[in-house]
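Okay, so here's the structure we're looking at.
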Amino acid sequence: MVSTGFIGVSGLPRSGSTLLCQLLAEHPDIHCEGHSSPLCNALLNTRRSISDDAFFLSQLDVQFDRTYQHLQAAMSGFLKHWYHDCQKPWVADKNRAWLHCIEMLLQLDPNARLLVNIRELGQVYGSIEAQHQRTILVDFVDHLADYDRYNRAIQLFSPGKTVGTPLASIRAVQNLPVTIRDRLYFVKFEHLVSDPVTCMNHVFEWLGLAPHTIDPQRLTMTPQESDSHYRYKFSHRRNPQMVPPVPHAIPPAIQQQIESTHAWYYQAFYPK
């Protein structure tokens with residue numbers, strides 16, 4: 001059975017994507033493995049590779065429409081058949097890059113949906129910094145351990161960095177046509193952890209699925225995602241019961257820096 005509904009899970013790090021996937025998998029019509037998937041990367045690499053292929057380019061010169069249709073069918077088939085053995089009508093695939101390439105995704109599957117995890121940015125920083133302090137003898141992938149806390153925060157939110165990259169994608173989609181933005185649903189971390197039943201009911205309703213009430217105290221456990229890829233700076237721990245996180249205390253100077261630099265984000269999602 002090949003699933004007919006595709007759900008991408010994207011958004012900011014430390015904003016509940018692992019938890020959201022765990023809750024999505026509780027619905028009887030959704031298959032969600034919960035791990036960060038290579039599917040999006042494979043499609044992006046295919047586009048880059050074929051665009052540099054001389055045989056493909058020369059064939060475009062001869063018969064553009066038919067050759068382009070071959071590519072469209074091949075990439076659409078790759079997307080659709082990645083979960084070829086899935087026995088449920090919907091699949092949810094987690095990768096932060098889905099938001100960056102939402103237009104390509106909708107070209108391959110016009111009915112695809114995208115769930116985007118967001119969180120108050122100071123708490124995103126606080127969660128990353130707290131995990132770093134627990135693993136301070138191990139450096140980040142992009143070597144941020146040598147910075148002091150203030151400058152590490154600046155680096156994390158810089159373009160091309162761990163938080164800055166998906167944050168830029170969130171800002172960019174605000175300018176997309178309404179027909180594309182309608183395919184996006186922003187899931188607030190604060191709502192997800194404080195009232196998971198209501199939050200997930202809204203998500204299921206938006207997806208057009210039958211109602212299903214989850215039990216936050218009896219969640220299905222599946223294999224945990226590898227943390228070594230992220231140098232143990234971004235824990236993907238799962239629990240059989242939901243436990244609301246304790247808010248992180250953020251130094252005022254860092255909080256002010258984050259809020260002033262990304263005022264658009266607060267205006268869009270966290271107005272005072």
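Here are the criteria: (1) surrounded by fewer than 21 Cβ atoms within 10 Å (Cβ to Cβ); (2) within 21 Å of the chain's Cα centre (by Cα); (3) part of a helix (DSSP H, G or I); (4) not charged (D, E, K, R). Tell me which single one residue 72 does not satisfy. Here residue 72 clears every test but (2). Kindly check whether there is at least one residue in the range 128-138 that is free of Cβ contacts under 8 Å to residues at least 60 places away in the same chain and of a type in the set (A, V, I, L, M). Checked against the condition, which is being free of Cβ contacts under 8 Å to residues at least 60 places away in the same chain and of a type in the set (A, V, I, L, M), the range 128-138 yields at least one hit. All of 152, 119 fail the test of being free of Cβ contacts under 8 Å to residues at least 60 places away in the same chain, surrounded by 17 or more Cβ atoms within 10 Å (Cβ to Cβ) and over 18 Å from residue 36 (Cα atoms), apart from 152. Selection of the range 218-232 for residues being touching a Pro at 6+ places or on another chain (Cβ under 9 Å) and either farther than 18 Å from residue 36 by Cα or part of a loop (DSSP other than H, G, I, E, B) (or both) yields 218, 219, 220, 221. Criterion applied to 66, 47 was being more than 30 Å from residue 264 (Cα to Cα), in contact with a helix residue (DSSP H, G or I) (Cβ under 8 Å, 6 or more places away or on another chain) and exposed (fewer than 15 other Cβ atoms within 10 Å of the Cβ), and the one residue passing it is 47.
Among the residues examined, residue 56 qualifies as among the aromatic types (Phe, Trp, Tyr) and touching a helix residue (DSSP H, G or I) at 6+ places or on another chain (Cβ under 6 Å). Evaluation of residue 232 against the conditions (1) more than 28 Å from residue 5 (Cβ to Cβ); (2) free of Cβ contacts under 8 Å to residues at least 40 places away in the same chain shows that the sole unmet condition is (2). The single residue among 241, 267, 217 that is in contact with a Lys or Arg (Cβ under 8 Å, 6 or more places away or on another chain), among the polar types (S, T, N, Q) and over 20 Å from residue 94 (Cβ atoms) turns out to be 241.
The sole residue among 12, 57, 20 that is over 22 Å from residue 114 (Cβ atoms) and either in contact with a Leu (Cβ under 7 Å, 6 or more places away or on another chain) or free of Cβ contacts under 8 Å to residues at least 60 places away in the same chain (or both) is 57.
If I filter the range 246-258 for residues that are of a type in the set (Gly, Ala, Ser), modelled with pLDDT of 90 or more and within 22 Å of the chain's Cα centre (by Cα), do I get at least one hit? Checked against the condition, which is being of a type in the set (Gly, Ala, Ser), modelled with pLDDT of 90 or more and within 22 Å of the chain's Cα centre (by Cα), the range 246-258 yields no hits at all. Candidates 75, 104: the one that is farther than 30 Å from residue 271 by Cα and touching a residue at least 40 places away in the same chain (Cβ under 8 Å) is 104.
The values are calculated or read from the model by the stated rules, or taken from the named source; none is laboratory data. Predicted, not measured: the structure shown is a model, and the values here were computed from it. As a convention, Cβ positions derive from the backbone with ideal geometry for all residues, glycine included, and neighbour counts pool all protein chains shown.
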